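Here the structure is laid out as structure tokens; the discussion comes afterwards.
The values are calculated or read from the model by the stated rules, or taken from the named source; none is laboratory data. Keep in mind that this is a model prediction, so the values were computed, not measured. Positions of Cβ are backbone-derived with ideal geometry, glycine not excepted, and every protein chain shown enters the neighbour counts.
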Amino acid sequence: MIKFFSWLLVALLLFAACKKEVAEQKKEQSRTEDSLAIQNENAPDWALKPPQEEGYIYAIGQATSSRPEIARRKAMLNARVKLAEKLSQQGDSLNTLLRWSKVKEEKQLKQGNRWQSFVLMEAPLKGEKDR
């Protein structure tokens, strides 16, 4: 019986350690996810290396279309979806996203008959909205 509980304790400790490591990996992946998705030599620097400022979170949106305004809107939507995912991981509400998020930077490129848009969205974290 003691042997069983010893093995159970070891299994629980391993599970807890793995869970912590997975959480840390997800945080790091989230930080680099935006820059890894950008595969364009003409991409702006902020799209390749998103800014990090205390009290704010950032997300990069990228899209293409034959019409520049459609590409821009799609890129903004992609960035807002990424912001929503990040905010929900931090326990913040989507109301915060809709109310306080803004376009920090944007760039459009014409490639042949297609437009490519990059958008950097910014949202304040809890308690940072009064800045």
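Which one of these is part of a helix (DSSP H, G or I), modelled with pLDDT of 70 or more and of a type outside the set (A, V, I, L, M, F, W, C): 6, 35? Quick ask: steps written out before the conclusion?
Values: 35 fails: modelled with pLDDT of 70 or more.
Among 6, 35, only 6 is part of a helix (DSSP H, G or I), modelled with pLDDT of 70 or more and of a type outside the set (A, V, I, L, M, F, W, C).
Mind telling me which of the residues 86, 104, 74 ends up being surrounded by 13 or more Cβ atoms within 10 Å (Cβ to Cβ), touching an Asp or Glu at 6+ places or on another chain (Cβ under 9 Å) and modelled with pLDDT of 90 or more?
That would be 104, the only listed residue that is surrounded by 13 or more Cβ atoms within 10 Å (Cβ to Cβ), touching an Asp or Glu at 6+ places or on another chain (Cβ under 9 Å) and modelled with pLDDT of 90 or more.
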